[in-house]
Every structure is written in C-alpha cells, then in structure tokens.
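The values are calculated or read from the model by the stated rules, or taken from the named source; none is laboratory data. Computed from a predicted model, the values in this text were never measured in an experiment. Here the Cβ positions follow ideal geometry from the backbone for every residue, glycine too, while neighbour counts run over all protein chains shown. Ligands, DNA and RNA are stripped out before the accessible areas are found, and what is left, the full protein with its side chains, is counted by its heavy atoms. Shrake-Rupley method; radii C 1.70, N 1.55, O 1.52, S 1.80 Å.
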Amino acid sequence: MNSLYIQGRNRLEGTIAVHGAKNSALPVLVASVITDGECVFHNCPDLSDVRATLNILSWLGCSNQKENGTVVVDSSAVMKNEIPDLLMRELRSSFIFMGALLSRTGRAVMCAPGGCEIGVRPVDIHLLAFEKMGACVIREEGRIICEAPKGLHGAEINLSFPSVGATENIMLAAATAKGTTYIKNAAREPEIVDLANFLKLCGASVFGAGESTIVINGKDKLHGAEFTIMEDRIVAASYLAAAAVTGSAILVKNAVSEHISSVISVFEQAGCVFQCEKNAIRIKAPYRLNSMKTVRTMPYPGFPTDCQAIVMAMAIVAEGTTIINENIFESRFRHAGELNRMGADITVTGTSAIVNGKSRLFGANVSATDLRGGMALVLAALSAEGDTKINSAQYIDRGYEKIERDLALIGAKIRRDKIGKPQSEAG
Ligand code: EPZ
C-alpha cells in the first residue's frame, strides 16, 4: 500500500526547487519517434508517467536510458507501430504516439485510451484531424487503426476545442506531412511552445506555437537533437499553495511566473504577496486566506484546470465562500468528498463547487482519487490539526517527483512510513 503520513499545522520555510514538466516531457519524448537519430533530454522528471512513456518507446524499438534527469533516446530503428493494451493502459495520454507513428511509419494501432478518474477523455478531435490529413481511421474491437500508406498531407484543421493533446498529436503528424498544416483554435499552453521548440531543433518548420493558429511546413525527415525540458508550472503552483495553506513564506526555484500568471492573481486575491524573480517566485501568505470569490477553469492563458483541486485546498480554509467552476473536465471534483472527511464544507452541483471556508480542518484517513486531487489532500493535511494518512499515493507520484522529500526540505512533517499511529487512522 503506497501511503503518505502527514502531521499538520507546521509552518514552512526555506527554498524548494521545481522539477521538469510532466506535460512537456511526455510529448517531447514521444516526438523523438519522428527523428532518425539520437535525442538527449535534460531536466526530465523521474515520474511514473515518464517511465510508462519510456517503456512504450522501448517496445517500439527506440532504445533509451535515463541517468538522473537526462534521458537519451535512439530512434534510428523504429520497428513497430502497434502498441499493446497493457502499455497503453499504463498511461492514457500515450494516445499522442498516434501522430508520431503515423509520421514515422504511416501506420499506428492502439487501444482507444478510454476514460480516467477525471472524465471520459474522448479523442474525436484527434481522429478528425488525422482523417483530414489523409489517414484512414478504423475502430474495431476497442482498438483504433490509423493508416496513411501514401503518407499524410497538410490540411487546414479547425479544432472544436483547443485540446492540448490533439494540438500536440497534430503537430507530430504534420511535422513530416507533405505540404503545410494550419491548426486553428490550437491550444496555447507553454507545453505546446516547448514541443514546438524541440521539433524546430530537430529541423521541423513550426510557426505560431503559443498562439491560436499554428503553421507547420512538413519536412521529409527530422534529425535528433539535445533539449532541456521546461519547468513544471503546475508543480510550482502546488508548492506555492503549500505556503498559502500554512501561512508561510517560501521561495520556489525553477518557476516561471508568466506561465502561471492567472494562478498568481487568484492567490493574490486570497491575500498572498509575491515577489517574482527571473526563474523563481517568492510567496508570503497571510495567517488566514481570504475567499477567492469565483474561480473558473479555462484553456490557457485562463486559470488551469490542473490547479483547480489545488485552489480548492486553499478555499476550504479561507475566510468566506469560494465558488469553483470546472469548465474543462466533466468529473474533476472527486477530491471534494475526501476533503469533506477532513472537516471541509464543499457542495458540488454539476460542474460547480461551493466552498465555505472553515477555520479548522482535522487530520483523517483519506484516499487520493487522481493526480491533482491527491495533491489537494496533501495540502489539506499540511493545514489540518493532527495526523492524516493519504492512501493510493501512487496517483500523486504520477506528477510529483518524491513529494515527501521536497516538502520535508521546507519543514513539512511528511513521510511514506508511519510516524506514530495517527489518532485519526481507523483500524
Ligand atoms: C492535457 O490533457 C494534460 N495532460 C492534462 O493534465 C490537462 O488537464 C489538460 O491537457 C488540459 O489542460 C497532458 O498534457 C499529459 P485536452 P489532454 O485534450 O490533452 C475534451 C494532469 O493533471 N476533448 O486539452 O487530454 C476533453 O474531454 C493532466 O497533468 C474532446 O472532447 O486534455 C476535455 O474535456 C490531467 N475531444 C477537454 O477537451 C478530444 O478529442 C480538454 O482536454 C480531445 C479532448
């Protein structure tokens, strides 16, 4: 059983460093499939989702090794273009291998990614784009077969929603398609810009990443490159929230404030004061947070859905009521029930949550329901009175590298093994 034990109400202090971004590492590692040589990635985070991606690369014939934060991938010989369910099931976002394999081999077969804890996660936008680029898409027995025997061609693609994954998948497919591809209503997240920067180092022709129209002129082939992955902006926001819920002042290193400006403004509404340096953010939190009134998750540069659970963990101890509208995923409030077990007062109706802030939370025996919901439980435990046991901590390990090591460095009482028997732990 993978559990975290946390003693709450400890003031935090000092400096904490953010690791490389999971949501950039995954697409750039997949993009190495399109190159015909060796790629070197620095600042690659040590996460279970990254290990799952490396397993799929190995299966496809892209040998790889990881040494501390550096990963070397050799894609000179990609031997397969079918990914077994077992590997696909380890990581639902591995659907972006579809675009890379179509680019490299003209064929890709994998199971439909299926839903996850936060929603159904359809891939209709991805598949529609591949068909517009000349692929034949067949769905049979729970798997998706995409074939483009004559190769893909450029197309003008209007996304019905600025999907991050679909934008990435299309960029990978378009990188070696014949002609020019226009992606309109593209996702604008910083991770999209990171992927474009890597592709350009490999010889791709990409313009407009980070804007709502991306133009890609297909190339015959791409070569290997050396690349440093951007910092994880959601981890940075999570560490800032740890200070916010404990009334602390800390410095978060390897954090780019421009990447989370919408988050910072919500934290400022809660009473936090910031000093943003070149690659670091200093936060000073008030003794008790104010309500954040209404928080709406939106595509970038709006407030990120990945910070919704984190800001809920702040709202439950704030003075007053906060309303949170989740506009990206249809079932991303599963952490609310677990937070209520700690004394929070959250009412969920559809895609809105009404949070009445409480002055005290109590440690409890809770379970993580998904990656960011699990982080919300960590934050609540840091501010609660008494001990908290968080079960299913493997969800948290998907996106946070050694969370107990990092938070302990700034004074949190957190370990993976027992620290005395928490009174709240039943049985
Ligand atoms: C990426 O997921 C991130 N994952 C998610 O982070 C993040 O929450 C999400 O983008 C939104 O920012 C990775 O980058 C690995 P989407 P993705 O396609 O690409 C609908 C985390 O915690 N949609 O932008 O799957 C979809 O159902 C994870 O790190 C379609 O309807 O997100 C959702 O409602 C969680 N059809 C919305 O778009 C499609 O074909 C946004 O999804 C594709 C998406």
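Suppose we keep only residues that are touching a Cys at 6+ places or on another chain (Cβ under 8 Å) and open to solvent by 30 Å² or more (accessible area, probe 1.4 Å) within the stretch 139-156. Which one would you say is farthest from the ligand (Cβ to nearest atom)?
Only one residue fits best here, namely GLU147.
Filter the stretch 100-123 for residues that are open to solvent by 30 Å² or more (accessible area, probe 1.4 Å), more than 9 Å from the ligand (Cβ to nearest atom) and under 22 Å from VAL28 (Cβ atoms) and give the result.
Of everything in the stretch 100-123, those that are open to solvent by 30 Å² or more (accessible area, probe 1.4 Å), more than 9 Å from the ligand (Cβ to nearest atom) and under 22 Å from VAL28 (Cβ atoms) turn out to be ARG104, THR105.
Among the candidates LEU240, LEU222, single out the residue that is open to solvent by less than 10 Å² (accessible area, probe 1.4 Å), within 20 Å of the chain's Cα centre (by Cα) and away from the ligand (no atom under 16 Å from the Cβ). Working first, answer last.
On the way: LEU222 fails: within 20 Å of the chain's Cα centre (by Cα).
Just a single option satisfies the conditions, and that option is LEU240.
Restricted to the stretch 180-190, and to residues that are closer than 18 Å to ALA148 by Cβ and open to solvent by less than 10 Å² (accessible area, probe 1.4 Å), which residue is farthest from the ligand (Cβ to nearest atom)?
Among those that are closer than 18 Å to ALA148 by Cβ and open to solvent by less than 10 Å² (accessible area, probe 1.4 Å), it is THR181.
Mind telling me which of the residues ALA381, ALA408, ALA364 ends up being touching a residue at least 40 places away in the same chain (Cβ under 8 Å), of a type in the set (Gly, Ala, Ser) and closer than 23 Å to LYS284 by Cα?
ALA381
Quick grid of which residues meet (1) of a type in the set (A, V, I, L, M); (2) under 19 Å from the mean Cα position of the chain (by Cα):
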| residue | (1), (2) |
| --- | --- |
| ASN2 | no, no |
| GLN7 | no, no |
| LYS22 | no, yes |
| ALA25 | yes, yes |
| ALA31 | yes, yes |
| ILE34 | yes, no |
| VAL40 | yes, no |
| ASP46 | no, yes |
| ALA52 | yes, yes |
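Pick from the stretch 348-382 the residues that are buried (at least 23 other Cβ atoms within 10 Å of the Cβ) and more than 19 Å from ILE118 (Cα to Cα): which of them is nearest to the ligand (Cβ to nearest atom)?
LEU379
Picking from PHE95, PHE130, which residue would you name as being in contact with a Pro (Cβ under 7 Å, 6 or more places away or on another chain) and among the aromatic types (Phe, Trp, Tyr)? Write out each step before concluding.
On the way: PHE130 fails: in contact with a Pro (Cβ under 7 Å, 6 or more places away or on another chain).
After ruling out the rest, the residue left standing is PHE95.
Could you check VAL193 against (1) open to solvent by 20 Å² or more (accessible area, probe 1.4 Å); (2) closer than 19 Å to VAL30 by Cβ; (3) of a type outside the set (Asp, Glu); (4) part of a strand (DSSP E or B) and say which number it fails?
Of (1) open to solvent by 20 Å² or more (accessible area, probe 1.4 Å); (2) closer than 19 Å to VAL30 by Cβ; (3) of a type outside the set (Asp, Glu); (4) part of a strand (DSSP E or B), only one is false for VAL193: (4).
Can you tell me which of ASP417, ASP397 is within 26 Å of ARG51 (Cα to Cα), among the acidic types (Asp, Glu), at pLDDT below 95 and buried (at least 16 other Cβ atoms within 10 Å of the Cβ)?
Unique residue meeting the criteria: ASP397.
Any idea which residue in the stretch 157-179 is farthest from the ligand (Cβ to nearest atom), counting only those that are closer than 26 Å to LEU29 by Cβ and assigned to a strand (DSSP E or B)?
Taking the stretch 157-179 first, the residues closer than 26 Å to LEU29 by Cβ are 157, 159, 161-178.
Now narrow it down to the ones that are assigned to a strand (DSSP E or B): 157, 178.
Working: ILE157: 12, LYS178: 24 Å.
Filtering the stretch 157-179 for residues that are closer than 26 Å to LEU29 by Cβ and assigned to a strand (DSSP E or B), the one farthest from the ligand (Cβ to nearest atom) comes out as LYS178.
Quick check on the stretch 240-258: of everything there that is assigned to a helix (DSSP H, G or I) and among the hydroxyl-bearing types (Ser, Thr, Tyr), which residue is farthest from LEU377 (Cα to Cα)?
First, pick out the residues of the stretch 240-258 that are assigned to a helix (DSSP H, G or I): 240-246, 257-258.
With the extra rule that they be among the hydroxyl-bearing types (Ser, Thr, Tyr), the set shrinks to 246, 257.
Working: THR246: 14, SER257: 24 Å.
Out of the qualifying residues, it is SER257.
Of all residues in the stretch 334-347, which are open to solvent by 50 Å² or more (accessible area, probe 1.4 Å) and under 11 Å from ALA315 (Cα atoms)?
Passing the criteria: only ASP345.
Counting only residues that are in contact (Cβ under 8 Å) with a residue 12 or more places away in the chain and open to solvent by 20 Å² or more (accessible area, probe 1.4 Å), give me the strands (runs of 3 or more DSSP E) lying completely in the stretch 1-65 with at least 2 of them.
In the stretch 1-65, the matching strands (runs of 3 or more DSSP E) lie at 13-17, 38-42.
Which residue, of LYS66, LYS22, is among the basic types (Lys, Arg), on the phi < 0 side of the Ramachandran plot and within 16 Å of the ligand (Cβ to nearest atom)?
From the options LYS66, LYS22, the qualifying one is LYS22.
For the stretch 73-83, does any single residue satisfy the condition of being more than 11 Å from the ligand (Cβ to nearest atom), modelled with pLDDT under 90, buried (at least 18 other Cβ atoms within 10 Å of the Cβ) and outside any helix (DSSP H, G or I)?
So far as the stretch 73-83 goes, yes, one or more of its residues are more than 11 Å from the ligand (Cβ to nearest atom), modelled with pLDDT under 90, buried (at least 18 other Cβ atoms within 10 Å of the Cβ) and outside any helix (DSSP H, G or I).
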